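Trainee: My questions all concern the structure below.
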Amino acid sequence: MPNDITLGLTATQEGVAKAAELLAAGLLVAFPTETVYGLGADARNSQAVAKVFEAKGRPTFNPLIVHVSSSRQAQRHVVWSDTAQRLAEAFWPGPLTLVLPLCPDHGISPLVTAGLDTLAIRVPSHPTAQAIMAAFDGPIAAPSANPSGRISPTTAAHVRAGLDGRIAAILDDGPCAVGLESTIVGLQNHPTLLREGGVTRESIEQVIGTSLDLPSTDAPLTAPGQLQSHYAPNAKVRLNAETALAGEIHLGFGPVEGDLNLSSTSDLAQAAARLFDYLHQMDAADQPIAIAPIPDVGLGRAINDRLARAAAPR
Ligand code: TXA
Ligand code: MG
């Protein structure tokens, strides 16, 4: 139930200090990362982490990503490997999450991992996220700051629309540059692509010198958050639409003009950065949504992954 005032903080020294203070007190603070806004909690404090699941309405079997300030900090919580080192050197700080075995004395609440013996961990590059981590000086568990199953937030206004009254504060630092969540790679066995995201499959494969496995479909628990229906607007979504039907609002891409265009120059990075904001805007219009075809290469694969989930039967 919405109950309290959700403070609005800004990306000033005071705002960052207040965010860190609230986190240390076991409260929830939404903050910007380069991918999407995260809903942060002290990853060592089970009571704080429990509030994340409650505020989002998130099933507790769906584990959270932990955010730390450096790969040295990451190594306090997980068993490091050569592949992890190579990927961290290439992509951290940035939109890549690594899933690694928890190490002894990791200190992470079992609620964060949903009881798994692995931890998803990343080092965000957003300067304000970095500043909060420096001030808080501990691991921050942070899922995307949206009600479970709904469109991810790329602005503070999106966060407030979804979670107002359910969390202690939102730190506003403008729109997120990448606009899609981090890519998740499992490193327990052969490197496995658990979620497409802000770092392309191709660039990861180049760094590790081998192709990524895809999770086997009969092992749904390897990526428990990859539920079929997700990122869902209220309205019905139709994909690969070159034209709109009567009554539909049309999201275009490139030459398929649409009512709104993700990128008239067919730039996938621009389309990724705009995707969730445009879905939020179209959702407010409360009409069925038709979406132009997006090329299934590079960042287009992550965009199409999110769109397929937005259109999935619920
Ligand atoms: O870009 C991002 O990753 C954003 C920002 C805030 O950092 N966070 C984010 O978190 O997207 P969330 O909770 O929306 O998605 C986390 C995903 C879920 O699909 C979850 O199942 C998966 O990470 N995950 C977490 N821990 C895992 C683990 N130990 N093994 C496999 N998947 C895991
Ligand atoms: Mg999410």
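The values are calculated or read from the model by the stated rules, or taken from the named source; none is laboratory data. All figures in this text were calculated on a predicted structure; none of them were measured in a lab. Virtual Cβ from ideal backbone geometry, glycine too; neighbours counted across all protein chains shown.
Trainee: Of the conditions (1) more than 29 Å from Glu205 (Cβ to Cβ); (2) modelled with pLDDT of 95 or more; (3) more than 9 Å from ligand 1 (Cβ to nearest atom), Gln73 fails just one. Which one is it?
Mentor: Of everything listed in (1) more than 29 Å from Glu205 (Cβ to Cβ); (2) modelled with pLDDT of 95 or more; (3) more than 9 Å from ligand 1 (Cβ to nearest atom), Gln73 misses just condition (1).
Trainee: Continuing with this model, one more query. Is it true that some residue in region 119-139 is surrounded by fewer than 17 Cβ atoms within 10 Å (Cβ to Cβ) and near ligand 1 (Cβ under 9 Å from one of its atoms)?
Mentor: No, there is no match, as no residue in region 119-139 is surrounded by fewer than 17 Cβ atoms within 10 Å (Cβ to Cβ) and near ligand 1 (Cβ under 9 Å from one of its atoms).
Trainee: Residue check: is Thr128 of a type in the set (Ser, Thr, Tyr) and closer than 20 Å to Pro175 by Cα?
Mentor: Details: of a type in the set (Ser, Thr, Tyr): yes; closer than 20 Å to Pro175 by Cα: yes.
For Thr128, the condition - of a type in the set (Ser, Thr, Tyr) and closer than 20 Å to Pro175 by Cα - is met.
Trainee: Please work out which one of (1) loosely packed, with under 15 Cβ neighbours inside 10 Å; (2) touching a Phe, Trp or Tyr at 6+ places or on another chain (Cβ under 6 Å) is the condition Arg309 fails and give its number.
Mentor: Unmet condition: (1).
Trainee: Going through Ile140, Ile132, Ile151 one at a time, which residue ends up being within 16 Å of ligand 2 (Cβ to nearest atom) and touching a strand residue (DSSP E or B) at 6+ places or on another chain (Cβ under 6 Å)? Give the steps one after another, and end with the answer.
Mentor: Details: Ile132 fails: within 16 Å of ligand 2 (Cβ to nearest atom); Ile151 fails: touching a strand residue (DSSP E or B) at 6+ places or on another chain (Cβ under 6 Å).
Only one candidate passes the filter, namely Ile140.
Trainee: If you check Leu64, Leu163, Leu102, which single one turns out to be buried (at least 22 other Cβ atoms within 10 Å of the Cβ), on the phi < 0 side of the Ramachandran plot and touching a strand residue (DSSP E or B) at 6+ places or on another chain (Cβ under 6 Å)? Break it down into steps so the answer makes sense when it comes.
Mentor: Working: Leu163 fails: touching a strand residue (DSSP E or B) at 6+ places or on another chain (Cβ under 6 Å); Leu102 fails: buried (at least 22 other Cβ atoms within 10 Å of the Cβ).
Only one candidate passes the filter, namely Leu64.
Trainee: Which of the residues belonging to region 12-21 are more than 16 Å from ligand 1 (Cβ to nearest atom) and within 22 Å of the chain's Cα centre (by Cα)? Full working, then the answer.
Mentor: Step one: of region 12-21, the residues more than 16 Å from ligand 1 (Cβ to nearest atom) are 12-18, 20-21.
If the condition is that a residue be more than 16 Å from ligand 1 (Cβ to nearest atom) and within 22 Å of the chain's Cα centre (by Cα), then Val16, Ala20 are the ones that fit.
Trainee: Grab the helices (runs of 4 or more DSSP H) fully contained in region 22-102, keeping just those with 2 or more residues being under 17 Å from the mean Cα position of the chain (by Cα). Write out each step before concluding.
Mentor: Values: elements: 46-56, 71-74, 82-91.
Per the criteria, 46-56.
Yes/no matrix, rows are residues, columns are (1) surrounded by fewer than 19 Cβ atoms within 10 Å (Cβ to Cβ); (2) in contact with a helix residue (DSSP H, G or I) (Cβ under 7 Å, 6 or more places away or on another chain); (3) at pLDDT below 95:
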| site | (1), (2), (3) |
| --- | --- |
| Asn240 | yes, no, no |
| Gly252 | no, no, no |
| Pro255 | yes, no, no |
| Gly258 | no, no, no |
| Leu268 | no, yes, no |
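Trainee: Please go through region 171-204 and pick out each residue that is in contact with a Ser or Thr (Cβ under 7 Å, 6 or more places away or on another chain) and either among the basic types (Lys, Arg) or outside the structural domain of Pro153 (by TED's automatic domain parsing) (or both).
Mentor: Arg195, the sole residue that qualifies.
Trainee: A further question follows. Which ones in region 94-112 are more than 16 Å from ligand 2 (Cβ to nearest atom) and either among the β-branched types (Val, Ile, Thr) or farther than 20 Å from Arg201 by Cβ (or both)?
Mentor: Pro101, Leu102, Cys103, Pro104, Asp105, His106, Gly107, Ile108, Ser109, Pro110, Leu111
Trainee: Condition test on Ala244, is it under 15 Å from the mean Cα position of the chain (by Cα) and small (Gly, Ala, Ser)? Explain how you work it out, then say what you get.
Mentor: Working: under 15 Å from the mean Cα position of the chain (by Cα): no; small (Gly, Ala, Ser): yes.
Here the answer is no, as Ala244 does not meet what is asked.
Trainee: Okay, moving on. Suppose we filter region 149-160 for residues that are more than 9 Å from ligand 1 (Cβ to nearest atom), among the polar types (S, T, N, Q) and under 12 Å from the mean Cα position of the chain (by Cα); how many remain?
Mentor: Summing the residues that are more than 9 Å from ligand 1 (Cβ to nearest atom), among the polar types (S, T, N, Q) and under 12 Å from the mean Cα position of the chain (by Cα) in region 149-160 gives 1.
Trainee: Tell me the residue from Pro293, Pro288 that is under 17 Å from Ser229 (Cβ atoms), surrounded by fewer than 23 Cβ atoms within 10 Å (Cβ to Cβ) and more than 22 Å from the chain's Cα centre (by Cα), please. Spell out the reasoning first.
Mentor: On the way: Pro293 fails: under 17 Å from Ser229 (Cβ atoms).
Result: Pro288 is the single residue among Pro293, Pro288 that is under 17 Å from Ser229 (Cβ atoms), surrounded by fewer than 23 Cβ atoms within 10 Å (Cβ to Cβ) and more than 22 Å from the chain's Cα centre (by Cα).
Trainee: Within region 257-268, does at least one residue satisfy the condition of being touching a residue at least 60 places away in the same chain (Cβ under 8 Å), in contact with a strand residue (DSSP E or B) (Cβ under 6 Å, 6 or more places away or on another chain) and over 22 Å from Leu98 (Cα atoms)? Talk me through it step by step, then tell me what you get.
Mentor: Filtering region 257-268 down to residues touching a residue at least 60 places away in the same chain (Cβ under 8 Å) leaves none.
The answer is no, given that none of the residues of region 257-268 is touching a residue at least 60 places away in the same chain (Cβ under 8 Å), in contact with a strand residue (DSSP E or B) (Cβ under 6 Å, 6 or more places away or on another chain) and over 22 Å from Leu98 (Cα atoms).
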